[in-house]
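Written below as structure tokens is the structure these notes are about.
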Amino acid sequence: MSLAIPHGTDLSHRSFVDVPSSAAQQPKLLDRVRQALRLRHYSRRTEESYVGWIRRYILFHGKRHPTDMGGAEITAFLTSLATRARVSASTQNQALSALLFLYRGVLGVEPGEMPPIVRARTPERLPVVLSREEVAVVLRQLGGTMWIIVALLYGSGLRLSECLALRVKDLDFDRSQVVIRRGKGQKDRLTMLPTKVKVALEQHLAIVRHQHTRDLQLGVGRVVLPFALDRKYPNAGIDWGWQFVFPATRICRDASWGPPSRFHLHESAVQRAVAEAVRRAGIAKRVSCHTFRHSFATHLLEDGYDIRTVQELLGHRDVSTTMIYTHVLNRGGLGVRSPVDRL
């Protein structure tokens, strides 16, 4: 079977009927998936990924309902992903996790007889790391808000999603620190606020505050709050401290996220800016926004900082995750001096 989606197919969640017509009042299947994910406090990104894989699985099998399918259909779908779509191992594993969640967490059934679940083996790759000179060259190609964001990615070791989700109250200029709320694994942590970024960031916040004041006058100054804080603190949504540090340029009018307001910048905007800056800098490495976080960790270890300190700054659960950066330090392969250099 092919993964191609027929032209004109409606991909909205209302396309898939979860129950017979006699019980049409019940929520649709993908609505139930979203409810189950939110009940378990999965991240928004995980929700989007899981719903996308489940929708793709249903379309792959001609819009058959998952209760009419099982292990054989899951195996066929994953096989097609691996052999025809040629997805990466991590992508294949994500699709499997989404389908297992559908059957076990939403439908409350086992997928039935199927071959032993074999998760694709994810290759162990070393992270791409820029030298300090390369980081400086890329930063010189950026300006304004994008320069501040990339400077924080490198100077504070932030993930892109963490940086864009920053609220004004998370910045402590007096103590030169940034509070990361609900990072990966729903963990809070502290990291440094680089001195070189402070002035530009303060000027940026002055512009954002002026924009927020104007939005309030237009009735669109209420920001999205996590969980039920908008009910607990009715005025928090318009409070300056809760505003995003990097708000979007357009007003978000999606009713599922509340009244019209400014969400934060979309990740794709920063990714495009970084890709263009790397191209202009003439760097041949495969650089992404996450490369600056890799470079942050590597350069701290090169400067002699303790690996446990770097682990805390990065928010890694286990120090073994941080250990990978010891293999890309600026001391040659594994820190060993080549014998040819002694000739």
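The values are calculated or read from the model by the stated rules, or taken from the named source; none is laboratory data. Given the structure is predicted, the values throughout are model-derived calculations rather than measurements. Reconstructed Cβ throughout: ideal geometry from the backbone, glycine too, with neighbour counts over all protein chains shown. Heavy atoms of the whole protein, side chains included, go into the accessibility calculation; ligands, DNA and RNA do not. Shrake-Rupley method; radii C 1.70, N 1.55, O 1.52, S 1.80 Å.
Numbers below:
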item: Summed side-chain charge close to Tyr42 - residues other than Tyr42 whose Cβ falls under 11 Å, Lys, Arg +1, Asp, Glu -1; result: +3
item: Extension reserve of the Thr46-Ser161 stretch, reckoned as 0.36 nm per residue once the Cα distance is removed; result: 40.1 nm
item: From phi via Karplus (6.51, -1.76, 1.60), per-residue ³J(HN,Hα) for segment 169-182 in Hz, x at Gly/Pro; result: 5, 7, 9, 10, 5, 5, 9, 6, 9, 10, 9, 9, 9, 6
item: Label point distance in nm, Arg84-Gln203, each placed 7 Å from Cα along Cα→Cβ; result: 5.4
item: Separation of alpha-carbon centers, segment 268-311 and segment 187-236, rounded to whole Å; result: 26
item: Separation between Cα centres of segment 63-84 and segment 122-163, rounded to whole Å; result: 39
item: Peptides ranked, highest mean first, by Cβ atoms within 10 Å: ranges 86-97, 124-135; result: 86-97, 124-135
item: Percent carbon-and-sulfur accessible area, segment 246-324, ignoring ligands, DNA and RNA, probe 1.4 Å; result: 52
item: Of all accessible heavy-atom area on segment 145-223, the percent that carbon and sulfur account for (1.4 Å); result: 53
